[in-house]
Amino acid sequence: MRDDRHKWPAIPGTGRPDLVREGISLRLVTAPRQTVISGAVSDCLALCGLSAAIGGGPDMAQGQTYCLRQRRDRILVVGGPDIADGWHSDLNVAVSDMTSAYSVIEMAGERVEQIIRTGTEFDGMQRSASTSRLWHGYGVLLYRYGRDDQFRMHVRSPLLDPVWDMLERQINVLSGLWAEEAASGRSAGQTEPTRFPCREAS
């Protein structure tokens, strides 16, 4: 049988080189175990041994182990201990291993927030109780990681292709605008954030 595998796009999570433009970079990262815990947040935190869950805005995750607030009764633990899946009756919480369910994109650079704003209303200093948001119609978890100009975006693995493609498209379009601004002597800060029509999520 003829081998036509080379005609198909790369499997999500593999074969994707880093994307680097002036002021912005994009790469896939391999996150350790990702665990969703549902229930009262205080009980969820007690089960995973962490003291707080990170929200959006200025909150920042660091290191290999942290947890994200998805909604008022759900957290996503990145790293952390191996916890048995299922119902934990002692704390009235439910646990699900989601390691393969989420892909993680890391975006960094002085222009990263401009890229984020192409797909959602975003103010990096506006505190939010949750990391969940829609970006160009796709449900993602978005938060700062490690430093002020670096963000991570967790997307459902089956949606990695369209989300990555949308990020790349927006970076390429804005890179052209930034080059025009540089040539004309204008600063990017002198213009309003550019927004583009979003593609509907399938």
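Within region 134-181, take every residue that is touching a Pro at 6+ places or on another chain (Cβ under 9 Å) and assigned to a helix (DSSP H, G or I) and give me the one that is surrounded by the fewest Cβ atoms within 10 Å (Cβ to Cβ). Per the stated criteria, the residue is 158.
Of all positions in region 77-95, none carries a residue that is within 17 Å of residue 156 (Cβ to Cβ) and touching a residue at least 60 places away in the same chain (Cβ under 8 Å).
Among the residues of region 31-41 satisfying the criterion of being modelled with pLDDT of 90 or more and over 20 Å from residue 92 (Cβ atoms), which is surrounded by the most Cβ atoms within 10 Å (Cβ to Cβ)? This residue is 34.
Please indicate, with yes or no, whether at least one residue in region 154-163 is at pLDDT below 95, under 30 Å from residue 46 (Cα atoms), touching a His at 6+ places or on another chain (Cβ under 8 Å) and not aliphatic (A, V, I, L, M). No, region 154-163 contains no residue that is at pLDDT below 95, under 30 Å from residue 46 (Cα atoms), touching a His at 6+ places or on another chain (Cβ under 8 Å) and not aliphatic (A, V, I, L, M).
Restricting region 74-95 to residues that are touching a strand residue (DSSP E or B) at 6+ places or on another chain (Cβ under 6 Å) and at pLDDT below 95 leaves a set whose member that is surrounded by the fewest Cβ atoms within 10 Å (Cβ to Cβ) is 85. Being more than 23 Å from residue 160 (Cα to Cα) and either in a loop (DSSP other than H, G, I, E, B) or in contact (Cβ under 8 Å) with a residue 24 or more places away in the chain (or both) is a property that residue 68 lacks. Within region 22-73, being more than 25 Å from residue 125 (Cα to Cα), small (Gly, Ala, Ser) and touching a helix residue (DSSP H, G or I) at 6+ places or on another chain (Cβ under 8 Å) holds for one residue alone: 38. Applying the criterion of being of a type in the set (A, V, I, L, M) and in a strand (DSSP E or B) to the residues of region 97-133, the residue that is nearest to residue 67 (Cα to Cα) is 104. If you check 63, 57 for being among the small types (Gly, Ala, Ser), under 26 Å from residue 18 (Cα atoms) and more than 15 Å from the chain's Cα centre (by Cα), only one passes: 63.
Taken over region 74-96, the residue count meeting the criterion of being assigned to a strand (DSSP E or B) and either touching a helix residue (DSSP H, G or I) at 6+ places or on another chain (Cβ under 8 Å) or under 19 Å from residue 132 (Cα atoms) (or both) is 9. Determine, yes or no, whether residue 44 is assigned to a strand (DSSP E or B) and either modelled with pLDDT of 95 or more or closer than 24 Å to residue 165 by Cβ (or both). The answer is no for residue 44. Residue 27: touching a residue at least 60 places away in the same chain (Cβ under 8 Å), touching a strand residue (DSSP E or B) at 6+ places or on another chain (Cβ under 6 Å) and farther than 14 Å from residue 142 by Cβ, yes or no? When the stated conditions are applied, residue 27 passes them. Among the residues of region 73-118, those that are of a type in the set (Lys, Arg) and over 18 Å from residue 36 (Cα atoms) comprise 111, 117.
The values are calculated or read from the model by the stated rules, or taken from the named source; none is laboratory data. Since the model is a prediction, treat every value here as computed from it, not as a measurement. Virtual Cβ from ideal backbone geometry, glycine too; neighbours counted across all protein chains shown.
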